[in-house]
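*Asks:* Below is a structure I'd like to ask you about.
The values are calculated or read from the model by the stated rules, or taken from the named source; none is laboratory data. In this text the structure is predicted, and so the values were computed from the model without any measurement. Positions of Cβ are generated from backbone atoms using ideal geometry, with glycine treated the same way; all protein chains shown enter the neighbour counts. Ligands, DNA and RNA are stripped out before the accessible areas are found, and what is left, the full protein with its side chains, is counted by its heavy atoms. Shrake-Rupley method; radii C 1.70, N 1.55, O 1.52, S 1.80 Å.
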Amino acid sequence: MVLKYKATLLEKGLAEATINRRLASVKALVDFARKIGKCDFTLQDIKGEKVHSYRDTTGISADSFKALLTIPNRSTLKGKRDYALLLLLWGNALRRGEVASANIEDLDLEAGTLKIRGKGRGTQAEIITLGTKAIIALSEWLKARGETDRQPLFTSTHKGYWGERLSTTSIYKIVRDSAHRAGVEKVISPHRIRHSSITTALDKTDGNVRKVQKLSRHANQKGITEVLDSLV
């Protein structure tokens with residue numbers, strides 16, 4: 001039955017990773033059933049599909065990211081928002097979902113920290129330390145925006161969607177469009193910026209993996225955020 005199920009998934013043209021996740025779920029269920037005495041067989045002989053890596057997930061250089069930062073028109077509200085958003089993505093290697101879910105009440109400009117809800121942590125918040133440039137940019141964005149504390153940190157500036165939380169798709173488009181206008185040839189995404197930030201931090205700390213693992217996840221990592229901050 002499972003082999004037929006796998007064949008059906010292949011016929012549908014699903015990605016190898018998707019097929020493997022679904023097979024893993026079925027195998028986990030059977031393993032649990034066997035442990036509690038509901039069946040006497042396993043599915044260990046059912047093999048997953050070989051995953052072929054086809055996406056270029058390499059990042060961009062600090063110089064290329066500098067070019068992105070020249071694109072937002074910081075005399076406009078949208079430009080102030082986009083500039084602050086880009087600095088936050090770079091300086092703290094954040095995922096776009098973490099940026100999208102942040103609220104103004106999570107931000108402490110005086111302490112230079114932000115509470116984020118990391119991937120796989122549910123509603124549990126972590127405090128991260130922001131770079132000086134990001135703090136200034138966020139302050140300018142919020143001052144120009146003039147909103148109260150109980151609001152999303154990043155919102156739409158479009159008249160038809162004014163004040164609505166900026167979606168992860170919108171954040172992706174802001175990054176992609178900024179890179180395109182800056183003349184960066186490859187398609188740039190928030191994930192690429194995250195990858196680039198982490199790689200750059202490794203280079204600047206002589207490969208100190210232990211320290212970089214804590215990048216954007218602990219309030220005492222001021223040193224790394226300032227290193228990244230200084231490059232742009």
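*Asks:* Does ALA102 fit the bill of being under 30 Å from ARG145 (Cβ atoms), in contact (Cβ under 8 Å) with a residue 12 or more places away in the chain, surrounded by 12 or more Cβ atoms within 10 Å (Cβ to Cβ) and among the hydrophobic types (A, V, I, L, M, F, W, C)?
*Replies:* On the way: under 30 Å from ARG145 (Cβ atoms): yes; in contact (Cβ under 8 Å) with a residue 12 or more places away in the chain: yes; surrounded by 12 or more Cβ atoms within 10 Å (Cβ to Cβ): yes; among the hydrophobic types (A, V, I, L, M, F, W, C): yes.
Yes; evaluated as a whole, the condition is true for this residue.
*Asks:* Further, regarding this structure: Looking at region 108-205, what helices (runs of 4 or more DSSP H) fall wholly within it and have at least 2 residues that are among the hydroxyl-bearing types (Ser, Thr, Tyr), open to solvent by less than 70 Å² (accessible area, probe 1.4 Å) and farther than 16 Å from LEU94 by Cβ?
*Replies:* 132-145
*Asks:* Something else about it: For region 91-101, what are the residues that are at pLDDT below 90 and assigned to a helix (DSSP H, G or I)?
*Replies:* GLY91, ASN92
*Asks:* Considering LEU109, LEU166, which residue is touching a strand residue (DSSP E or B) at 6+ places or on another chain (Cβ under 7 Å) and of a type outside the set (Ser, Thr, Tyr)? Explain how you work it out, then say what you get.
*Replies:* Numbers: LEU109 fails: touching a strand residue (DSSP E or B) at 6+ places or on another chain (Cβ under 7 Å).
Result of the check over LEU109, LEU166: LEU166.
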